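Since the structure comes first, as structure tokens, the remarks are kept for the end.
The values are calculated or read from the model by the stated rules, or taken from the named source; none is laboratory data. No experiment lies behind these values; they were computed from the predicted model shown. No Cβ is skipped: glycine too gets one built from the backbone with ideal geometry, and neighbour counts run over all protein chains shown.
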Amino acid sequence: MQAKLVRSIIRALDRTAVLLGRTPARAAHLATGTRGEEDTYFHLRTLGYVIVARNFRSAKRKGEVDLIGWDGDTLCFIEVKTRSKRDVVPAEAAVDHNKQRELRTMAREYMHRVKGDPPHRFDVVSVYHDAGTGAPRFELLKGAFSIK
């Protein structure tokens, strides 16, 4: 209940900022991706994840990790792929070899900031915003690819 209220408030503030002309125009695919990451953030919280970072970047490396959070005692590096419709190819297929390499590099960078060596994994969340359905659909792949 509280998450829905916060989400509604954030969306209302975003719409207000756009109406006031306080935000730059964004490409539709970027807006879709941002919306998917926000929806995933709240969805993972309902599943018990404790999110500790959003859009993690490092000055030393190229790339970004969409979400970083704890699932119990496991630190999860989460890539979110959002689509406005479900095609033949699932959204998670976009996490190819190059993207996996980028995520591994960023995860190593983040792990330098964490005390100890907690277990960690890479999760991929596919978010589908099908027209007319209203609520997004999520597919969570825990341990989507190997750490090495």
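Would you mind telling me which numbered condition in (1) loosely packed, with under 15 Cβ neighbours inside 10 Å; (2) not in a strand (DSSP E or B) Glu92 fails?
Glu92 satisfies every listed condition except (1).
Within region 111-128, track down each residue that is in contact with a strand residue (DSSP E or B) (Cβ under 6 Å, 6 or more places away or on another chain) and of a type outside the set (Asp, Glu).
Correct list: Pro118, Pro119, His120, Arg121, Phe122, Val124, Val125, Ser126, Val127, Tyr128.
Residues in region 56-95 that are on the phi > 0 side of the Ramachandran plot and at pLDDT below 95: how many?
Residues meeting the conditions: 1.
What number of residues within region 96-117 are part of a loop (DSSP other than H, G, I, E, B) and touching a residue at least 12 places away in the same chain (Cβ under 8 Å)?
Summing the residues that are part of a loop (DSSP other than H, G, I, E, B) and touching a residue at least 12 places away in the same chain (Cβ under 8 Å) in region 96-117 gives 1.
Restricting to region 118-148, what's the tally of residues that are modelled with pLDDT under 90 and not in a strand (DSSP E or B)?
Adding up the residues that qualify gives 11.
What are the residues in region 44-66 that are crowded, with 19+ Cβ neighbours inside 10 Å and assigned to a helix (DSSP H, G or I), if any?
Correct list: Leu44 only.
Considering each residue of region 19-30, count those that are assigned to a helix (DSSP H, G or I) and at pLDDT below 70, and give that number.
3
Can you spot a residue in region 82-95 that is farther than 28 Å from Asp130 by Cα and among the polar types (S, T, N, Q)?
No: zero hits.
Scan (1) farther than 18 Å from Leu47 by Cβ; (2) surrounded by 14 or more Cβ atoms within 10 Å (Cβ to Cβ) for the single condition Gly134 breaks and write down its number.
(2)
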